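Only the coordinates and a few stated rules stand behind these numbers; no lab work does. Quantities reported herein were computed from a predicted structural model and do not represent experimental measurements. Methodologically, a virtual Cβ is constructed for each residue, glycine included, from the backbone with ideal geometry; neighbour enumeration extends over all protein chains shown.
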Amino acid sequence: MQQHIKQLIESRISANYFDTTRPLSDADIAELVRLATLAPTAYNFQNWKFIAVRSPQAKARLKAVSYKQQKVEDAPVTFIIVGTLAAHEGLPQALKPSVDAGIMSQKVADGLVTMAVNSHPGNPQLQRDEALRSGSLAAMTLMLAAEGMGWNSSALSGFDPAGVAREFKLGENDVPVMLVTVGFAAPGNWPQKPRRPVQEVMEFA
Ligand SMILES: Cc1cc2nc3c(=O)[nH]c(=O)nc-3n(C[C@H](O)[C@H](O)[C@H](O)COP(=O)(O)O)c2cc1C
């Protein structure tokens, strides 16, 4: 992680072709997930799971439910980024390390739990929104971490959510948010594409 964040953002591409001969170690994969979990979430819910699909068999199952996208087979790993519903139920546990570390008092933690418990149950839209927000922030953090470690990545929403849930035994509270392939780019990838001009997408208020 030696490059400046601005350079990483400017150099990142969505890779379509991956070098099939260069693996990532399990330690590399776990480090990417560790960095991804440093992404922020509402209340520090950490309402996510990461499935690192890296065996040939698991890749074949994932490819079959992601419109046969070849990069799922070619890249050494594709992460299924899962956001979880009913995040309020896990909040006391999620906040405990912050209390134990003296970052927040138990009273403050209890207050946050009360706020979440008052707003999340019975509000499936909010639960889903938070699952998608958390999963998306984790996905982007993971892609930038990969870039910083000298690898390449691509986000994929081209998959069948029901198929992914079935093949990877997701629970009823698990929302597959995005797939992220990571590996070493092979020749032939497009460069980063031009973006719409800032003045077209931004306004001051
Ligand atoms: C949420 C999301 C879903 C995407 N789904 C796919 C996909 O299923 N297949 C694919 O080849 N690229 C997919 N992409 C990659 C985009 O096409 C790519 O990020 C965009 O064209 C910009 O490319 P660049 O980042 O290289 O500039 C996805 C990107 C995002 C953010």
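At 222 nm, what value in deg cm²/dmol follows for the chain if DSSP H runs of at least 4 each add -39500 (n - 2.57) and the sum is divided by all its residues, to the nearest 500? Write down the numbers at each step before the final one.
On the way: 9 runs with 92 residues, N = 205.
Only helices count here, giving -13500 deg cm²/dmol.
Which lysines, on any chain, are close to residue 59 with Cα under 26 Å apart, when same-chain ones fewer than 8 places away are left out?
Cross-link targets: 49, 68, 71, 169.
Taking Cα pairs under 8 Å and at least six residues apart, what relative contact order does the chain come out at, in percent?
Details: 317 pairs, mean separation 71.4, N = 205.
The value is 35 percent.
Within straight cross-link reach of residue 6, meaning Cα distance under 17 Å, which lysines are found once same-chain residues fewer than 8 apart are removed?
Hits, sequence-local ones excluded: 193.
What are the extents of the Cα atoms of region 98-205 along their three principal axes, listed from largest to smallest and rounded to whole Å?
55, 44, 32
Give me log10 I(q)/I(0) at q = 0.12, 0.15, 0.29 Å⁻¹ for region 9-76, Debye formula, one equal scatterer per alpha-carbon, no solvent.
Rounded to two decimals, the profile gives -0.43, -0.65, -1.23.
Which order do peptides 135-141, 196-202 fall in by mean Cβ count within 10 Å, highest first?
Peptide ranking by packing, descending: 135-141, 196-202.
For region 146-199, state what percent of all Cα-Cα pairs lands in each successive 10 Å bin, counting from 0 Å until the bin that includes the largest distance.
Calculated over all Cα pairs of region 146-199, the distribution is 18, 35, 30, 16, 1 percent.
What helices in the chain pass both tests, a Cα length along the helix axis of 24 Å or more and a mean Kyte hydropathy of -1.0 or higher, using whole DSSP H runs? Please report the intermediate quantities before stating the final value.
On the way: long enough: 124-148 (36 Å, 0.02).
Span-like helices in the chain: 124-148.
Return one quarter of the surface area of the convex hull spanned by the alpha-carbon atoms of region 42-151, equal to its mean projected area, in nm².
Result: 8.8 nm².
Give the value in nm², to one decimal: projected area of the alpha carbon convex hull of the chain, averaged over all directions. Can you show the working numbers first?
On the way: hull surface 56.7 nm².
Seen from a random direction, the Cα hull of the chain projects 14.2 nm² on average.
Relative contact order for region 92-201: what is it in percent, counting Cα pairs under 8 Å that are at least 6 residues apart?
Relative contact order, region 92-201: 22 percent.
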